[in-house]
Amino acid sequence: MLRSALTLALACSLLVGCAEQSAGGCPDRLSPEPLPTWARTGFRPPETPMPYVLGDQGDIAAVVFGDPLLSPPGKDYSNKILWVSRVSQDGDPLRIEARLDGSGEPVMREVRGGPGPSGVDLPQAGCWHLTLRWSGHVDTLRLRYVKP
């Protein structure tokens with residue numbers, strides 16, 4: 001039992017937000033951590049800690065520049081997310097299907113040109129489960145939006 005607990009603690013320490021997740025796997029807040037090596041292009045120094053969420057398949061990272069994400073967004077505040085793909089892309093849009101708490105009607109968003117900089121506003125606060133599709137790839141992740 002102790003070995004299992006230690007293994008879980010070690011695994012959590014390697015994942016962003018794991019120690020700060022609430023039920024349902026949605027991060028309550030994002031602790032800045034160095035990005036995966038494949039997502040560091042353009043960051044100086046490359047080991048700069050950034051708040052981010054890694055996709056469940058490990059194929060995409062959501063680097064959150066506006067942490068916390070707000071719903072509704074403020075007048076002088078942007079829900080800026082840099083989407084970084086680990087896998088090849090051919091310029092197809094990044095299609096985002098978001099569901100509050102993983103159920104209900106989907107909210108659709110699109111990032112033209114594929115993973116890259118974006119502003120993703122969602123209609124209400126809560127834990128949003130995102131299914132991301134781009135250039136034949138699919139990954140999922142969860143992002144928390146809070147009331148201002």
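The values are calculated or read from the model by the stated rules, or taken from the named source; none is laboratory data. Given the structure is predicted, the values throughout are model-derived calculations rather than measurements. As a convention, Cβ positions derive from the backbone with ideal geometry for all residues, glycine included, and neighbour counts pool all protein chains shown. Only protein heavy atoms, including side chains, enter the accessible area calculation; ligands, DNA and RNA are left aside. Shrake-Rupley method; radii C 1.70, N 1.55, O 1.52, S 1.80 Å.
Answer yes if at least one residue in segment 127-146 is under 24 Å from GLY74 (Cα atoms) and part of a loop (DSSP other than H, G, I, E, B), and no otherwise. No, segment 127-146 contains no residue that is under 24 Å from GLY74 (Cα atoms) and part of a loop (DSSP other than H, G, I, E, B). Selection of segment 35-51 for residues being more than 23 Å from GLY136 (Cβ to Cβ), in contact with a strand residue (DSSP E or B) (Cβ under 6 Å, 6 or more places away or on another chain) and crowded, with 16+ Cβ neighbours inside 10 Å yields LEU35, MET50, PRO51. Within segment 114-124, the only residue that satisfies the criterion of being in contact with a Pro (Cβ under 9 Å, 6 or more places away or on another chain) and buried (at least 17 other Cβ atoms within 10 Å of the Cβ) is GLY114. Checking segment 38-53 against the condition returns a match, with at least one residue being closer than 23 Å to LEU132 by Cβ, part of a helix (DSSP H, G or I) and modelled with pLDDT of 95 or more. Residues in segment 135-148 that are closer than 22 Å to THR41 by Cα and over 15 Å from the mean Cα position of the chain (by Cα) were compared, and the one that is most open to solvent (accessible area, probe 1.4 Å) is HIS137. For first residues located in segment 45-56 and closer than 17 Å to LYS80 by Cα and among the hydrophobic types (A, V, I, L, M, F, W, C), partners that are open to solvent by 60 Å² or more (accessible area, probe 1.4 Å) and part of a strand (DSSP E or B) and lie 6+ apart or on another chain with Cβ distances below 9 Å form the pairs MET50/GLU33. Checked against (1) exposed (fewer than 13 other Cβ atoms within 10 Å of the Cβ); (2) touching a strand residue (DSSP E or B) at 6+ places or on another chain (Cβ under 9 Å), VAL111 meets all criteria but (1). When residues in segment 59-84 are screened for being open to solvent by 20 Å² or more (accessible area, probe 1.4 Å) and in contact (Cβ under 8 Å) with a residue 40 or more places away in the chain, 9 of them pass.
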